[in-house]
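First the structure, then my questions, so here it is.
The values are calculated or read from the model by the stated rules, or taken from the named source; none is laboratory data. Just so we're clear, the structure is a prediction, and the values are computed from it rather than from any experiment. Cβ placement follows ideal geometry from the backbone for every residue including glycine, while neighbour counts extend to all protein chains displayed.
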Amino acid sequence: MITSENIRSHEFIGLETKIVRSTNPQVIGLNGRVINETKSMFTINTENGTRSVPKNTSDWKFSIQNKNIVIHGNEISKRPFDRIGGKI
């Protein structure tokens with residue numbers, strides 16, 4: 001189960017997110033559901049279509065268990081498989 005304490009080591013696909021800070025002012029406030037994730041990018045389904053945004057240039061807000069969690073993109077800029085502990 002995803003909690004505010006372990007969210008950094010979980011899969012983000014399917015979660016709602018919002019960009020709260022970014023080096024690209026055009027994506028601040030962008031929100032939607034994460035539909036794909038790579039080492040360096042999130043693909044987000046927004047009401048205006050899909051957008052791919054680099055992870056490490058933004059701060060991402062997720063709501064988990066009625067708590068808003070802000071994660072700095074450089075903390076999660078790894079392949080999902082490596083981040084969730086799948087690497088042997």
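Is it the case, given these coordinates, that Asn6 is without any contact (Cβ under 8 Å) to a residue 40 or more places away in the chain, under 13 Å from Ile71 (Cβ atoms) and out of contact with any Ser or Thr (no Cβ under 8 Å at 6 or more places or on another chain)?
Yes; evaluated as a whole, the condition is true for this residue.
Looking only at segment 4-19, filter to residues that are modelled with pLDDT of 85 or more and within 12 Å of Ser63 (Cβ to Cβ); which one of those is surrounded by the most Cβ atoms within 10 Å (Cβ to Cβ)?
Thr17
Can you say whether Glu75 is touching a helix residue (DSSP H, G or I) at 6+ places or on another chain (Cβ under 8 Å) and exposed (fewer than 14 other Cβ atoms within 10 Å of the Cβ), as far as the supplied structure shows?
Yes, satisfied.
Now a separate question. With in contact with a strand residue (DSSP E or B) (Cβ under 7 Å, 6 or more places away or on another chain) and within 15 Å of Arg79 (Cβ to Cβ) as the only criterion, which of Asn36, Asn31, Asn56, Asn45 stands out?
Answer to the check: Asn36.
Further question: Hey, among the residues in segment 25-40 that are in a strand (DSSP E or B) and modelled with pLDDT of 95 or more, which one's nearest to Arg83 (Cα to Cα)?
Once the filter is applied, the top-ranked residue is Asn36.
Considering each of Glu37, Glu11 in turn, give the residue that is in contact (Cβ under 8 Å) with a residue 60 or more places away in the chain, touching a helix residue (DSSP H, G or I) at 6+ places or on another chain (Cβ under 7 Å) and among the acidic types (Asp, Glu).
Of Glu37, Glu11, the one residue that is in contact (Cβ under 8 Å) with a residue 60 or more places away in the chain, touching a helix residue (DSSP H, G or I) at 6+ places or on another chain (Cβ under 7 Å) and among the acidic types (Asp, Glu) is Glu11.
Sticking with this one: Can you tell me which residues in segment 59-80 are farther than 13 Å from Phe12 by Cβ and either outside any strand (DSSP E or B) or of a type in the set (Gly, Ala, Ser) (or both)?
If the condition is that a residue be farther than 13 Å from Phe12 by Cβ and either outside any strand (DSSP E or B) or of a type in the set (Gly, Ala, Ser) (or both), then Gln65, Asn66, Asn74 are the ones that fit.
Which residue out of Ser52, Ser22 is buried (at least 16 other Cβ atoms within 10 Å of the Cβ) and modelled with pLDDT of 95 or more?
Ser22
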